[in-house]
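First up is the structure itself, then whatever we jot down about it.
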There are 12 protein chains.
Amino acid sequence: MPATHDKDHVYKMLDLVGSSEKSIEAAIENAIGRASKTIREMKWFEVVQTRGHIEDGKVRHYQVTLRVGFTLE
Amino acid sequence: MPATHDKDHVYKMLDLVGSSEKSIEAAIENAIGRASKTIREMKWFEVVQTRGHIEDGKVRHYQVTLRVGFTLE
Amino acid sequence: MPATHDKDHVYKMLDLVGSSEKSIEAAIENAIGRASKTIREMKWFEVVQTRGHIEDGKVRHYQVTLRVGFTLE
Amino acid sequence: MPATHDKDHVYKMLDLVGSSEKSIEAAIENAIGRASKTIREMKWFEVVQTRGHIEDGKVRHYQVTLRVGFTLE
Amino acid sequence: MPATHDKDHVYKMLDLVGSSEKSIEAAIENAIGRASKTIREMKWFEVVQTRGHIEDGKVRHYQVTLRVGFTLE
Amino acid sequence: MPATHDKDHVYKMLDLVGSSEKSIEAAIENAIGRASKTIREMKWFEVVQTRGHIEDGKVRHYQVTLRVGFTLE
Amino acid sequence: MPATHDKDHVYKMLDLVGSSEKSIEAAIENAIGRASKTIREMKWFEVVQTRGHIEDGKVRHYQVTLRVGFTLE
Amino acid sequence: MPATHDKDHVYKMLDLVGSSEKSIEAAIENAIGRASKTIREMKWFEVVQTRGHIEDGKVRHYQVTLRVGFTLE
Amino acid sequence: MPATHDKDHVYKMLDLVGSSEKSIEAAIENAIGRASKTIREMKWFEVVQTRGHIEDGKVRHYQVTLRVGFTLE
Amino acid sequence: MPATHDKDHVYKMLDLVGSSEKSIEAAIENAIGRASKTIREMKWFEVVQTRGHIEDGKVRHYQVTLRVGFTLE
Amino acid sequence: MPATHDKDHVYKMLDLVGSSEKSIEAAIENAIGRASKTIREMKWFEVVQTRGHIEDGKVRHYQVTLRVGFTLE
Amino acid sequence: MPATHDKDHVYKMLDLVGSSEKSIEAAIENAIGRASKTIREMKWFEVVQTRGHIEDGKVRHYQVTLRVGFTLE
């Protein structure tokens, strides 16, 4: 939810999946960093699901599904 | 869900957040009115979440998250 | 949930969908008013889902799904 | 959800379980076909749960729970 | 839930609320016993919600919401 | 969710039920107005459930359950 | 949900976990009895989760999470 | 969820509703086929809801809501 | 789900994912057929999730997650 | 959840269905007692679902689905 | 869930939101550290929701909602 | 969900709880590392729940419940 002074805006929400070999936070950062190339004015996100792939008994990479809110300009 | 005679269409769904200082219905109307500037053929919506901000022990404004369905032309 | 003195009753629950062009509350009132013609002793309701139809970028009418509890006489 | 021109109606919803040895669709059709003998004006359904029974390592039959909406005449 | 010979039936489901001052099981039995006066061929139930009322820091009675399935004859 | 500049705070959440004979919004306002007498710094709310009581086939009053967030000072 | 004549009150909800070696009902009673020492005017509860601990292949005790509603005086 | 070697991509998700008079699978195929005209690189889907319309006691058509994931190129 | 004569058994549940290029039902049959090689006495299943992979704008195969119950002999 | 000093263990979870003609607690005890013949080191359980069968308007037996956690030795 | 030897206690649960610019774990630690100034005997927590704010295409801070259990002394 | 070329396999799913004093990721790694001693061919996981224990106002360790999928060879 955006800040109080944003009350006149309408927001649109978008679901993204980001990945990282390192951590859950890095997967989130990767998704948002990549999406910011085409979507300006992203304001907040919510983690919808945390998953990952396993290889040889180890986590190969994390995959995090995010719901992102941005201003409909 | 759209009407029976629309059976040949494919619909796309979109999540929006609208706000209003007045009522839940006005927040819904604001989101749909704003989105209608760029999305034609919106057909139905579903309320996903109703929230709001509080200032000085009063509701400052309502924020309603909608899932909106529209025809994929 | 009904009042404390109703503890000996068994209740039955029923799902209804009501509509209104005006408001969510009016859609609830319409569903309950219509059902009261055949079901006596309705005691409480719970909102299960709030939806609506859109025409020309405006809410055409609200549709509210209710779960209604009534005494099994 | 029924079509736009049905806005003045109140709908009632009913949960049914239908079965078929053949397919999920046939279980749905069986439930609706059987219920149509006593309930007129069924308008839409939603699949609530899909289950089945197993015999000798094979699906013996599918059992589908439906929520059906019909006009409260 | 196991069983196979019932595959040709269509079942209808009904939500009931039963009460008891004594126990959750007694509230279930009360709801089913009362409903059996008008509904024959009830076959199974599922507990949907367990609630109760409190008086003077003690449970006054339990209220259990059941979903009951019965044969559509 | 509070505004961006509040990132150093810790928030506590509280569930309230408010009532009104008039509307869902009034039930929300009543709960927040009453709670503001003892809890300062309430910032946002989320509607958890909307219910009501019925008398003589009419809505007697609405009851709305809110989750309210406030700053832990 | 409280009785109809309580419509002017605002309720607060509280989550408790109670335990008992004997039964689910006793775990509920223990939680409510203990909480009643500091919270007056508890009106209703709802079971949120039923769990327990196992020792030597037997249930050692039940643990029930309750949501309790009480009048905000 | 896409295959292991796709770990560097960011995916976007989209909700679609497809219809078919024949089967659930055909409704899924119709939605994906139609969306593939404008969205390249769709990789996986998940069924969110299965519904349908009824006419004269028969299923008129199935309507399936899908969540589709595709590569953000 | 109906049935009575199985009341003395204890059941164990297992989650499986089956695939098919053809249909949802075939994916269910494949999972159960494969599991029946090592697990005897499977009795019933429930569909937990229906997903699939897409290639060139077409469904490549369906993947269905099942919860299967079998007798603990 | 197990006790604090168990932090080095990895736990496995298992879903069981137990039955009893007498009570919900007895159905839980039956499932755990039966499973303890082959699984040592069960530590805790959670009730997932409570169901039952009905005969002649009475509860014939309760069926409780449990999620059980045990140490992976 | 607390350890086995805690069976005689009654626990109260509390929802908190903590923030951190660094990581999800730091947001959890901040919420618990801040709450421990007024609440003694916190025993366990559960993550209810993970969210965050975005500025200039980067995560500005994480916000984690926790449910915390503590002994009712 | 596994990669496209795995379409002929049947997968089994397993729920595990892993712990770590350090981080959520380390708790996930511990569960998967420990399980890989007896289960070969684990392919993917999904986080079901994140919990933890608190001592002296600090997180003592994280406990993460995972759903793990592996090939049924």
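The values are calculated or read from the model by the stated rules, or taken from the named source; none is laboratory data. Because the structure is predicted, anything quoted here is derived from the model rather than measured. Don't worry about glycine lacking a Cβ; one is built from the backbone with ideal geometry, like all the others, and counts go over all protein chains shown. Only protein heavy atoms, including side chains, enter the accessible area calculation; ligands, DNA and RNA are left aside. Shrake-Rupley method; radii C 1.70, N 1.55, O 1.52, S 1.80 Å.
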Test item: Cα-centred dipole of chain H, Lys/Arg +1 and Asp/Glu -1 on Cβ, debye:
80 debye
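Using only the Cα atoms of segment K:9-69, build the gyration tensor, take square roots of its eigenvalues as a ≥ b ≥ c, and label the shape rounded, prolate or oblate: rounded if a/c is under 1.5, else prolate if a/b is larger than b/c, else oblate.
prolate
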Return one number: the angle in degrees, 0 to 90 and rounded to the nearest 10, between the long axis of the Cα atoms of helix G:24-35 and the longest principal axis of the Cα atoms of chain G.
50 degrees
Would you mind checking which residues have amide H under 5 Å from G:Trp44's amide H? H placed 1.01 Å from N; only 5 or more apart, or other chain.
E:Ile54, G:Gly69
Most mobile of G:Lys58, G:Lys12, G:Lys43 in a GNM of chain G (Cα contacts under 10 Å):
G:Lys58
Using only alpha carbon pairs under 8 Å that are at least six residues apart, calculate the relative contact order of chain I and give it in whole percent.
42 percent
Rh by Kirkwood over Cα pairs, then Stokes-Einstein D for the protein assembly as shown at 0.890 mPa s and 25 °C, µm²/s
87 µm²/s
Using protein heavy atoms only (no ligands, DNA or RNA), what is the total accessible area buried between G and K, 1.4 Å probe, nearest 100 Å²?
1400 Å²
Within segment F:34-58, name every residue whose backbone N is under 19 Å away from a label modeled 7 Å from Cα of G:Glu41 along the Cβ vector.
F:34-40
Rounded to a whole %, the carbon-and-sulfur portion of the accessible area of chain F at a 1.4 Å probe is 41 percent
Using the heavy atoms of the protein chains and a 1.4 angstrom probe, tell me the accessible area per residue for chain E in square angstrom.
38 Å²
Identify, for chain L, the residue whose C-beta comes nearest the rotation axis onto chain B, and round that distance to whole Å.
L:Gln49, 13
Among J:Ile39, J:Ile24, J:Ile54, the residue with the largest mean-square fluctuation in a Gaussian network model of chain J built from Cα contacts under 10 Å is J:Ile54
Have a look at K:Gly57, K:Thr38, K:Gly18 and report the one farthest towards the positive end of the charge dipole of segment K:16-64, computed about the Cα centre with Cβ charges (Lys/Arg +1, Asp/Glu -1).
K:Thr38
Which of the aspartates and glutamates could be linked to L:Lys12 by a straight reach, that is with a Cα gap under 13 Å, when you skip same-chain ones fewer than 8 residues away?
I:Asp15, L:Glu41, L:Glu73
Rounded to the nearest 500, what is chain F's calculated 222 nm mean residue ellipticity when only DSSP H runs of at least 4 contribute -39500 (n - 2.57) each, over all residues?
-5000 deg cm²/dmol
Using Cα positions and a limit of under 16 Å, work out the lysines in reach of K:Lys58, with same-chain residues fewer than 8 apart set aside.
A:Lys37, A:Lys43, F:Lys7, K:Lys22
